[in-house]
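Each remark here refers to the structure printed beneath this line.
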């Protein structure tokens, strides 16, 4: 049976998941598009429901039949009402927010201080995954990773590496107590060129706000602050690009 009314109570509840408060209240989030839905299933995330429109059912009928999951069939109108995409693919998933796990204070970590753009956050998490980092620590003010724009940018990488939330200053102290070097990113006379720093198997690398950079009180806690030389006339690099260069230096 196909759900056809956009005024259905379930549809209204799903639309609330576009906001952080709705996600926190319901302890679930939305994924859009076949790739992300498949990634969630393959990663054994807790998929609560899969939403399929006629278009999606036609394209992924065989895959749907293989899954031992709850499926809700919806009209194209309902899919469009729930989706944030101009042209929905016809498949979405409702996924439970993961339970908070104890952080592994070892390996290579990317720390994000007040990085507000969802696309930048998603790109850096995806790059951390590709670079073999252990996890990403989201400091205060950083965009919610379950924002649909962040999810699209991550392309499922949040299923592959550890994601933690908290206060950057507190976690920096923890890293230093166990002997893991902490590096900030900054462009001033005290900073050192990133490629002069020895590569290590364990590291904590901090990237900051798009406009303000890493907060001064956090930079004061680091072992050193790194910069990337700029040879052209650009004033700076996008934070996502800079993070990629620095992470691959330590990979």
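Where a number appears in this text, it was derived from the coordinates with a stated rule and is not lab data. The structure presented is a predicted model; accordingly, all values stated were derived computationally and were not measured. Please note: Cβ atoms are built from the backbone with ideal geometry, for glycine as well, and neighbour counts cover all protein chains shown.
Overview of results
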{"read-out": "Efficiency of FRET from Cβ geometry, residue 77 and residue 35, R₀ 22 Å, rounded to 0.05", "value": "0.40"}
{"read-out": "Computed Kirkwood radius, in angstrom, where 1/r is averaged over Cα pairs of the stretch 102-177", "value": "12.2 Å"}
{"read-out": "Percent RCO, i.e. relative contact order, over the chain, from Cα pairs under 8 Å lying at least 6 residues apart", "value": "19 percent"}
{"read-out": "Distance histogram for the stretch 2-96 (every C-alpha pair counted, 5 angstrom bins, percent rounded to whole numbers)", "value": "3, 14, 27, 27, 19, 8, 1, 0"}
{"read-out": "Relative contact order (%) - criterion: Cα under 8 Å, at least six apart; region: the stretch 2-96", "value": "43 percent"}
{"read-out": "Least to most buried among 52, 64, 168 (fewest other Cβ within 10 Å first)", "value": "64, 52, 168"}
{"read-out": "Within the chain, helix-based [θ] at 222 nm, where runs of 4 or more DSSP H residues each add -39,500 (n - 2.57), nearest 500", "value": "-10000 deg cm²/dmol"}
{"read-out": "Efficiency of FRET between residue 99 and residue 170 - r from beta-carbon atoms, R0 30 angstrom, step 0.05", "value": "0.90"}
{"read-out": "Distant alpha-carbon pairs in the stretch 162-251 (separation over 18 angstrom), percent", "value": "43 percent"}
{"read-out": "When the stretch 40-157 is reduced to its Cα atoms, the Kirkwood hydrodynamic radius in Å", "value": "16.1 Å"}
{"read-out": "Convex hull volume per residue for the chain, taking Cα atoms only, in Å³", "value": "140 Å³"}
{"read-out": "Longest to shortest principal axis, alpha-carbon extents of the stretch 65-117, angstrom", "value": "47, 31, 16"}
{"read-out": "At R0 = 45 Å, FRET efficiency that the Cβ-Cβ distance of residue 63 and residue 189 yields, to 0.05", "value": "0.20"}
